[in-house]
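See below for the structure under consideration.
The values are calculated or read from the model by the stated rules, or taken from the named source; none is laboratory data. Bear in mind the structure is a predicted one, so any value in this text is a computation, not a measurement. Here the Cβ is made from the backbone with ideal geometry for all residues, glycine too, and neighbour counts use every protein chain on show.
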Amino acid sequence: MKIGIVGTGAMGCVYAALLGDAGNEVWAVDSWAEHVAAMAQDGLTLEGASGTRTVHLNATTDAAAVGPCDLVIIATKAMDVAAAAQAARAMLGADTTVLTIQNGLGSADNVAAALGAERVVLGVVGGFGASITAPGKAHHNGMELVRLGEMNRPVSERVENLAELWRGAGFTVKCFDDMDQLVWEKLICNCAFSGSSALTGWTVGEIIADSDAWSVASNCALEAYLVARASNIRLDIDDPISYVRDFGAKIPHARPSMLLDHMAGRRSEIDAINGAIPPAATRVGVKAPVNETVSALVRAKEERFVGAVGRE
């Protein structure tokens, strides 16, 4: 299968390396010229939970150079999705499926508006803890789960086929009928660790181990859970505190992407994660003061990142 990946930051590299190593024709599209040049010349090296491999694939900064793909994966950060979707137009054929995989709320709607809802499949991934270690090199701490589903209808044949493609590359995959469930179960974990890590500079395990940091992180998760319940979102979670603790315990050494952004002086996805909870809470008549405070502090910190741009 010919696969174009728009956004080969940390998670995009995991997708590109494993899907490429499984024999697919993978095209990595990214705006970071040094990273693209390294992949084009020496291949993409991935280390960590899936083993160590160097995969030779196609890499470019120009989406128009790729041509029509069977599958386009949009793997940018939430704030870069609109631009990525526009770039992806050049990669579409008559039957191209677009799989969009982001943290937080709202990205799938942006992709659907740009490329057509009929093309769009949603993905939610968790438990990878990925980072870029150098141009052309990435690492991931875990390899938990890829969730796939249609935007507005039950699991289809094309989703099942996509699941088999990803399983063939070594991923654990489950298909879901309810996309809101997909998004919110991941968001609850993101709310716990993203903002708290950006503010403390700590790994997931360090946050869990510190009583004060864990109080903030777990209350962010609890608020998100309560907002989801008040919004009539179906969740397979009975105890959100245990849920996020168990999630984090699998990747204790991981630095969430929001922390990695701050370490590099880049703005983060705060408005799509912790910052998305207070307005969602208002819509259902509840409050989310911890997420509101955390997101305000992260935004204040980011005001010092002059000219910062996002890259996962």
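A few points about this structure:
- Selection status of SER257, among the hydroxyl-bearing types (Ser, Thr, Tyr), under 11 Å from GLY195 (Cα atoms) and either buried (at least 24 other Cβ atoms within 10 Å of the Cβ) or without any contact (Cβ under 8 Å) to a residue 60 or more places away in the chain (or both): yes
- 2 or more residues under 19 Å from the mean Cα position of the chain (by Cα) and touching a residue at least 40 places away in the same chain (Cβ under 8 Å): qualifying helices (runs of 4 or more DSSP H) within the stretch 1-105: 10-21, 81-88
- Every residue from the stretch 141-158 that is touching a Ser or Thr at 6+ places or on another chain (Cβ under 9 Å) and among the basic types (Lys, Arg): ARG158
- Index of the failed condition, ILE237 passing every other in (1) under 30 Å from THR282 (Cα atoms); (2) surrounded by fewer than 16 Cβ atoms within 10 Å (Cβ to Cβ); (3) outside the structural domain of GLU25 (by TED's automatic domain parsing): (2)
- Condition check for ILE207: outside the structural domain of VAL146 (by TED's automatic domain parsing), more than 21 Å from the chain's Cα centre (by Cα) and not in a loop (DSSP other than H, G, I, E, B): no
Rundown of residues vs (1) among the basic types (Lys, Arg); (2) surrounded by fewer than 18 Cβ atoms within 10 Å (Cβ to Cβ); (3) more than 19 Å from SER131 (Cβ to Cβ), yes/no style:
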{"residue": "GLY201", "(1), (2), (3)": "no, yes, no"}
{"residue": "ASP246", "(1), (2), (3)": "no, yes, yes"}
{"residue": "PRO289", "(1), (2), (3)": "no, yes, yes"}
{"residue": "LYS301", "(1), (2), (3)": "yes, yes, yes"}
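- Being in the same structural domain as LEU122 (by TED's automatic domain parsing) and buried (at least 21 other Cβ atoms within 10 Å of the Cβ) holds for only one residue in PHE193, PHE171, and it is PHE171.
- Failed criterion for VAL155 (all others in (1) part of a loop (DSSP other than H, G, I, E, B); (2) in contact with a helix residue (DSSP H, G or I) (Cβ under 7 Å, 6 or more places away or on another chain); (3) not small (Gly, Ala, Ser) hold): (2)
- Some residue of the stretch 303-312 being outside any loop (DSSP other than H, G, I, E, B) and surrounded by 18 or more Cβ atoms within 10 Å (Cβ to Cβ): no
- For the stretch 106-147, a tally of residues being in contact with a strand residue (DSSP E or B) (Cβ under 7 Å, 6 or more places away or on another chain) and either assigned to a strand (DSSP E or B) or in contact (Cβ under 8 Å) with a residue 40 or more places away in the chain (or both) returns 26.
Here is a yes/no grid of residues against (1) part of a loop (DSSP other than H, G, I, E, B); (2) in contact with a helix residue (DSSP H, G or I) (Cβ under 9 Å, 6 or more places away or on another chain); (3) closer than 16 Å to SER197 by Cα:
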residue	(1), (2), (3)
ILE237	yes, yes, no
ILE251	yes, yes, yes
GLY275	no, yes, yes
ALA300	no, no, yes
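- The residue list GLY116, GLY104, GLY48 contains one member that is over 14 Å from GLY4 (Cα atoms) and buried (at least 19 other Cβ atoms within 10 Å of the Cβ), which is GLY104.
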